[in-house]
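To keep things clear, I will list the structure first and then write my remarks on it.
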Amino acid sequence: MKKKLFALLMALVMVLSLAACGGDKGGDSQPSGGNDTQQGDAQPSGGGDAAPTTDLKLGYDLETGESVYGPYYDEWSDMTDDELYQMALNEDKDQTITVYATSSKMLKAEEPFEEMYPGLDLVVADLDSDEVLSKAKIENETNNITADVLQTKDVNGEVFHEYYDNGVIEPFYPRDICSHIAEENLKYSYPLYSSQSFWYYNTEAFPDGQPINSWWEIIEKDDAGNQKFALYTKEIGQETAYLSLFASFIINADEMAQSYKDTYGKDLEYTYDASKFAFPVPENNAGVEYLWRFTQAKMTFIGDGDELVLAVHNSTADKPALALASAGKIENREESGYNIDWCINLSPYTALLNTESMFVVSGCDSPAGARLFIRYITGGADGESGGLKPFTKVGNWPLRDDFEDKKNPAKLSELGARANDLVSIYDIYPDVQDMWMYWLNQ
């Protein structure tokens, strides 16, 4: 498969393509691949804001050439729970709403949803992420669609470009609920909740607080050339979310360069060789330089998150360790007495948010029921539906500002993570993966 060029080149190509097309805004018709009525859909009523200057199929604003996606509001967006409920009772012969979910916690929604909406039958299929996507794609290709709702996570743009863009799934943005979610978290999908990973440190070894404040300090060496920290992580080349994070550093190279200067008081020196690859690698890119240096650090790969934070707990001030693991592993602090804590507000940013999202399956039998369930599972009009309850745990952050998060020790806004730029990351992800594997073996 031919390698994709980096985001800057892609953006230039898109601008030129748009110019060649005469900057067509699509008139008053609904954008292709958006919330147009699919075969079998009931027609919603009521007004909504179409977005004639936005081509959702491409994810670009046709006037500015900027990457966009959502929130996108259509006639479904303003419908109430009761309106959707009444439609759902009449749109499918057995009133069944089928959900393909990547979380077993979704099973807990079946009984309370059916109690709240008598006459509707909720069926949840608990699948892994690959199964959710592959089944939805096969059903779309064979026009034998079973699922109505799909829950999945997109960390490198695959879902956006290869499933949404190809018409397998479509977005739904309920306007009233979206008013309680920051717009940056609505760009590529409608979120259920977000998670992230942190570098963990030993609180006994560092009683005054976290020993690092930037990503550069993670791989820092002492005056003798020895690595300051023993590093533990999953094999990053096999972890899509982690590779996407490193890809974001390349995209945000200016921020990485400034972070280095802020940390050490001098400009970054570039030491990587970009000529070794069969695809373009930018010169003097601080994110690429970081990737190169990180691959040359001594690391221990451990597949189990509990063992990763255990390694930090067992470390000492004389032999300190850091481990990259999911936020939820902080529970070992209370459950197992581990001396661990998150490193937060790292420069230039701590992490990317990994967002679990809800989609309507294009051409499904229960489009109103699908949207009713999506509203329910994300808290309903007032955040009190109970749908979010199974997903509220340490390490998961519901994104509604009117939902009280009692599980996490800190608010999401206090941690220094940022939303994912799926368009840019998708464009360079394969190259970043190849760079990682090549340099790791040097």
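The values are calculated or read from the model by the stated rules, or taken from the named source; none is laboratory data. Please read these numbers as outputs of a predicted model, since none were measured by experiment. Note: ideal-geometry Cβ built from the backbone for every residue, glycine included; neighbour counts use all protein chains shown.
Residues are listed down the side, and each one gets a yes or a no for (1) within 25 Å of the chain's Cα centre (by Cα); (2) more than 30 Å from Cys343 (Cβ to Cβ); (3) of a type in the set (Gly, Ala, Ser); (4) modelled with pLDDT under 95:
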site	(1), (2), (3), (4)
Glu115	no, yes, no, no
Lys137	yes, yes, no, no
Thr152	yes, no, no, no
Cys178	yes, yes, no, no
Trp199	yes, no, no, no
Ile219	no, no, no, no
Study note, to complete from the structure: Looking across region 67-77 at residues that are within 18 Å of Ala182 (Cβ to Cβ) and of a type outside the set (Ser, Thr, Tyr), the single one that is modelled with the highest pLDDT is Pro71
Revision key, fill the gap. For region 336-378, the count of residues that are not hydrophobic (A, V, I, L, M, F, W, C) and not in a loop (DSSP other than H, G, I, E, B) equals 11
Practice item. Provide a single number: the residues in region 77-108 that are among the hydroxyl-bearing types (Ser, Thr, Tyr) and part of a loop (DSSP other than H, G, I, E, B). Key: 3
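Could you grab me the full set of residues in region 401-428 that are part of a loop (DSSP other than H, G, I, E, B) and either surrounded by 22 or more Cβ atoms within 10 Å (Cβ to Cβ) or of a type in the set (A, V, I, L, M, F, W, C) (or both)?
Phe403, Ala410, Leu415, Ala417, Ala419, Asn420 - these are the residues of region 401-428 that are part of a loop (DSSP other than H, G, I, E, B) and either surrounded by 22 or more Cβ atoms within 10 Å (Cβ to Cβ) or of a type in the set (A, V, I, L, M, F, W, C) (or both).
Could you tell me which of the residues Val394, Val432, Val360 is in the same structural domain as Thr263 (by TED's automatic domain parsing) and either in contact with a Lys or Arg (Cβ under 9 Å, 6 or more places away or on another chain) or buried (at least 24 other Cβ atoms within 10 Å of the Cβ) (or both)?
That would be Val432, the only listed residue that is in the same structural domain as Thr263 (by TED's automatic domain parsing) and either in contact with a Lys or Arg (Cβ under 9 Å, 6 or more places away or on another chain) or buried (at least 24 other Cβ atoms within 10 Å of the Cβ) (or both).
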Review point. Is at least one residue of region 374-384 without any contact (Cβ under 8 Å) to a residue 24 or more places away in the chain and assigned by TED's automatic domain parsing to the domain that holds Glu183?
Key: yes
